[in-house]
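A quick write-up on the structure given underneath.
Values in this text are rule-based calculations from the coordinates and carry no lab data. Since the structure is predicted, the reported quantities are computational estimates derived from the model, not experimental observations. Quick reminder, even Gly has a Cβ in these numbers, built from the backbone with ideal geometry, and neighbours come from all protein chains shown.
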Amino acid sequence: MAIQKILIVDDSPTDRQFLSDLLSKKGFKVATAESAEDAMVKVKQSPPDLVLMDVVLPGQNGFQATRALARDESTKSIPVIICTSKNQETDRVWGMRQGARDYIAKPINQAELLAKISALG
């Protein structure tokens, strides 16, 4: 399945804009959410092909949201790549255990992110 539609979940307007611009220029359809709760609503309304999930979010964190997506029958097939400034190995392992397909540390390396998206598609 080719990835065309990506939901970016990040509470930072700067990071959302950076990722939106990067992915839009590469031909992806992009939607954004500022919180895990907002993301869950958007995923149910219009399922994306991929979710880019920050960890540090207001309310529910990205690990919790990733786990919820991975455990829900209607969303478990949607891959999640965690994109976060939390770059400790324990964070990476925990993120993958929550159901993330991949993990990338900020600042985002554009080529690395695009390669990871391509590998999922």
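Brief remarks follow.
- With a cut-off of 10 Å between beta carbons, the residues surrounding residue 106 carry a summed charge of -2, where Lys and Arg count +1 and Asp and Glu -1.
- Lysine pairs with alpha-carbon atoms under 14 Å apart, the chain, spacing 8 or more or separate chains: 9
- Taking every alpha-carbon pair under 8 Å whose residues sit at least 6 apart, the stretch 54-121 reaches a relative contact order of 30 percent.
- Residues 52, 23 arranged by fewest to most Cβ contacts within 10 Å: 23, 52
- Interchain or long-range residues, amide H under 5 Å from residue 57's placed H: 62
- Each Cα pair under 8 Å and six or more residues apart adds its separation to the average, and for the stretch 5-120 the resulting relative contact order is 22 percent.
- Taking label positions 7 Å along the Cα-Cβ direction at both residue 12 and residue 93, the computed distance is 2.6 nm, reported to one decimal.
- Per-residue 3J(HN,Hα) values for the stretch 97-110, derived from phi via the Karplus relation 6.51 cos²θ - 1.76 cosθ + 1.60 with θ = phi - 60°, read 5, 7, x, 5, 7, 7, 8, 9, 8, 7, x, 5, 8, 4 Hz in sequence order (x marks Gly and Pro).
- Couplings 3J(HN,Hα) of the stretch 32-38, computed from phi: 10, 9, 9, 8, 5, 5, 4 Hz, in residue order, whole Hz [Karplus 6.51 cos²θ - 1.76 cosθ + 1.60, θ = phi - 60°; x for Gly and Pro].
- Among the trypsin sites (Lys or Arg not before Pro) in the stretch 1-88, those located in a DSSP loop and surrounded by at most 15 other Cβ atoms within 10 Å of their own Cβ are 26, 76.
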